[in-house]
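What follows is a short report on a single structure.
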Amino acid sequence: MAEYLCNGRILLSDVVTKFQHNYPQHRLLLIADQFEELYTLCQDDKLRRDFLDKLLDSIDSPISRAKSPLVLVATMRVDFLGDALSYSRFGDVLRNADIKIRAMNREELSQVIENRRKSWG
């Protein structure tokens, strides 16, 4: 599927639409860890913006605007926030949807994992 998404044979927005059709009461969680790699590994600004446009179109399409089934969680080091904000369309999304958290120490991380484990039953 990754190859089809890369070469444009399948659009992420089509995957989201199909998911929404098949599972209308569910949400689709897309996790993009180390999102700063979009800036460290891709030196082509046009390619980066095209990728962001496709990603943002999947989140905010006319069909799903009322209730998008796609939820994006992207983790990114704060020192790349300026790069992310430099593209106005992505910056507009981040202005209303970003959450900044500080790094956790070992004890805090263990506590979060244990609490999550307990909540899963």
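Brief remarks follow.
- Between the residues 87, 35, 109, the greatest Cα displacement towards the positive end of the dipole of segment 2-120, with unit charges on the Cβ of Lys, Arg, Asp and Glu, is found for 109.
- Relative contact order of segment 2-120, pairs being alpha-carbon contacts under 8 Å that are 6 or more residues apart, as %: 27 percent
- Cα-centred dipole magnitude for the chain, charges only on beta-carbon of K, R (+1) and D, E (-1), debye, nearest 20: 500 debye
- Paired Rg and Dmax values of segment 2-120, which use every Cα atom, in angstrom: 16.4, 46
Every read-out reported here was derived from the displayed coordinates using simple, explicitly stated rules and does not represent laboratory data. Bear in mind the structure is a predicted one, so any value in this text is a computation, not a measurement. Backbone-built Cβ (ideal geometry, glycine too); neighbour counts: all protein chains shown.
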